[in-house]
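Quick note: the coordinates plus some simple rules give every number you see, no bench work behind them. Note that the structure is a prediction, hence the values are computed from the model and not measured. Cβ atoms come from the backbone with ideal geometry, glycine included; neighbour counts cover every protein chain shown.
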Amino acid sequence: MIGPAADYLSDAEVRELICDLCRHFYQLGWASGTGGGISIRQRDQIYMAPSGVQKERLEPQDIFVLDQTGEVVQNPGTDFKVSECQPLFMNAYRLRDAGAVLHSHSLNAMAATLIYDSTFKVSNLEMMKGIQGVGVFESHEVPIIANTAREADLANSMAAAIKAYPEANAVLVRGHGVYVWGETWAQAKTQAECYDYLFAAAVKIKELGLNPETGGQG
Ligand SMILES: [Zn+2]
């Protein structure tokens, strides 16, 4: 079962939680075909899944542990390599002091990247309240970066986008998906849920022939 949010979790609890969340994200369509996943930081230890594995079948012993610099300090002792998302997750830890970061291959996020140029922009949607520091009648922007052949090659452009959009808690990748972070695993998860709703809403509003930047209003 998923435990309480901000409190310190034991090593065993974090491993179990990552497996649990990955199964949940798989059910949502955020982590199909080995894509997507979540990383959680507990004090100076960062937990990450292996690369290229079925995320819904992860076992607690499959999880890597990294230090604050992103170096692997504990590996599962198998042929696994640490997640391809490692430098991208590290961006959120380093630049935003995140407590957790997740990557989603949600169809909603992917489709949203196709209806905007360089930034996703919405306003007047209630679910914006679920994003830290964002009010419902403000305009909220999320940067969209170009995709690369290898996930790890997104690191520099993602870092630049994080610095350029300090109010965003996410970075979209065109034709690919989204990275979302939060102060805790629970905040990363709930913000990712709100963002996913906003991405779906924007696509739907566009389909209705209305302007997603105003939430279809005005
Ligand atoms: Zn990806």
Q) How many residues are part of a helix (DSSP H, G or I), within 15 Å of ILE145 (Cα to Cα) and touching a residue at least 40 places away in the same chain (Cβ under 8 Å) if we restrict to region 161-191? A) 2
Q.
Please go through region 153-181 and give me each residue that is surrounded by 24 or more Cβ atoms within 10 Å (Cβ to Cβ) and away from the ligand (no atom under 16 Å from the Cβ), ordered by number.
A. ASN169
Q. Are there any strands (runs of 3 or more DSSP E) wholly within region 34-109 with 1 or more residues that are within 16 Å of the ligand (Cβ to nearest atom) and within 16 Å of the chain's Cα centre (by Cα), and if so which?
A. 37-42, 45-48, 100-104
Q) Residues in region 113-160 that are of a type in the set (A, V, I, L, M), within 20 Å of GLU84 (Cβ to Cβ) and without any contact (Cβ under 8 Å) to a residue 24 or more places away in the chain: how many? A) 2
Q.
Here are the criteria: (1) assigned to a helix (DSSP H, G or I); (2) within 15 Å of the ligand (Cβ to nearest atom); (3) not basic (Lys, Arg). Tell me which single one GLY29 does not satisfy.
A. (1)
